[in-house]
Each structure stands twice: as structure tokens, then as C-alpha cells.
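Note sheet for the following structure.
Just so it is clear, none of the values below were taken in a lab; they were calculated from the coordinates. Small disclaimer: the values here were computed from a predicted structure and weren't measured. Ideal geometry is used to build each Cβ from the backbone, glycine not excepted, and the neighbour counts take in all protein chains shown.
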Amino acid sequence: MSGHVIIAFETKSGVTGESADIIVDVLRRKYGLNVDVVNLKENPRPDLAQYKSIFIGSGIRMGRWYRKSKKLLNADFEGKNLVVFVSACSAGDPKTHDEAVGKYLNDMLAKYPRAKPLATAALDGRMKMFGKAQAETCDPDKVRAWAEEVGAKLTK
Ligand SMILES: Cc1cc2nc3c(=O)[nH]c(=O)nc-3n(C[C@H](O)[C@H](O)[C@H](O)COP(=O)(O)O)c2cc1C
């Protein structure tokens, strides 16, 4: 189990999956970690027991987490490193970033007392309407920088 990492994510518009890809790349290449990536649409109930570090990622729509990723917050994280990230358009705007952290991370996690993350991030989102990007704030470098910080925590 030592060092074994899972990144379990749920996405509807693709951004949380793109962030998962960046995170896995950093953890594997920079930190040499053994990482599995699970798209919850394909495998909604991954066996978390075998992992030392668990990343849960969700997009946000209508102020809510996606259902399958939310369910994972009920797991037993005793003795494990939990890392949580969300993708939301409001998180990408400096004017509303802190509000997004409050609503989609702090308020949400307060409902799951067993979920005490080592690290969290409210990452940018993308919004398309009629095929055109309405809000495109995603910055892969920000995700990479955060993944590097988390990788350092996991391996120290
Ligand atoms: C129907 C709908 C509702 C949304 N509601 C919110 C919201 O309440 N707050 C927010 O910050 N972003 C909202 N967004 C933007 C999403 O957070 C953004 O599309 C993000 O990329 C979703 O993650 P995903 O790409 O992994 O699915 C919404 C987008 C859609 C399409």
C-alpha cells in the first residue's frame, strides 16, 4: 500500500479529468509515485482501501458536487492522505475564488467529519453555451503548481 495513490474524479465538461491528467503526470514523473486514475463514470465504486493516498475530484454545477464523487467522501480515510479538488468557474475568477473555496470545499467537507484533507484546491472551470466558450479560465500551470505542492507533502 505504501505510496500507492488513486485519483478518482467525476467530470461533465471535461475540466476535472484534464486536471486529473496533469496531477497524475506530476506525481508519476516528478515524485515517482505509483498512481491509478479512475473516471467514476466508468468505475463508480473504486476500492479505496488499497491506497495510501486518495485524491477525489469533482466538477461543480448549480452549487453542487457531482453525485459519484460526493459519495466517495463517506469512505474511511483513517491512516490515509486525502486530497480534494473541485472545478468551478467561480473558482477561476479572483473576485469569487474565496467564496468558491468556502462553499464547495469548506462547507461541503464540514458535512463529512471523516474527510480531513491534507490538501484541497478550488480549480478553474470551463463553461460552454451553444458550442462557444463563455468562461474559459482554466490554467494548466496553476494545476501543475498545486500538484507539485501536494506531491511534496505526500513524499516528505
Ligand atoms: C449547468 C451548469 C451549472 C453550473 N453551475 C456552476 C456553479 O454553481 N458554480 C460555479 O462556480 N460554476 C458552475 N458551472 C461551471 C462549472 O463549474 C464548469 O463547467 C466546470 O468546468 C465543471 O467541471 P467539469 O468540467 O469537470 O464537469 C456550471 C456549469 C454548468 C454547465
message: Among the listed pairs Lys41/Lys95; Lys12/Lys95; Lys41/Lys70, which have their C-alpha atoms separated by more than 21 angstrom in this model?
response: Lys41/Lys95; Lys12/Lys95
message: Please enumerate, by chain and number, the aspartates and glutamates with C-alpha under 19 Å from the C-alpha of Lys142, excluding those fewer than 8 residues away in the same chain.
response: Glu18, Asp21, Asp25, Asp93, Asp98, Glu99, Asp124
query: Could you give the angle, 0 to 90 degrees to the nearest 10, between helix 140-155's Cα long axis and the longest principal axis of the Cα atoms of the chain?
result: 20 degrees
- line: The FRET efficiency for Asp139 and Lys41, from their Cβ-Cβ distance with R0 = 35 Å and rounded to 0.05, is 0.90
- request: Starting from the range 1-104, pick out the trypsin sites (Lys or Arg not before Pro) whose DSSP state is loop and whose Cβ has at most 10 other Cβ atoms within 10 Å.
  value: Lys95
- prompt: Based only on Cα atoms, what Rg/Rh ratio does the chain have, Rh being taken as Kirkwood's radius?
  reply: 0.94
message: As I understand it, the value is the acute angle between the Cα axis of helix 15-29 and the longest principal axis of the Cα atoms of the chain; what does it come to in degrees, rounded to 10?
response: 40 degrees
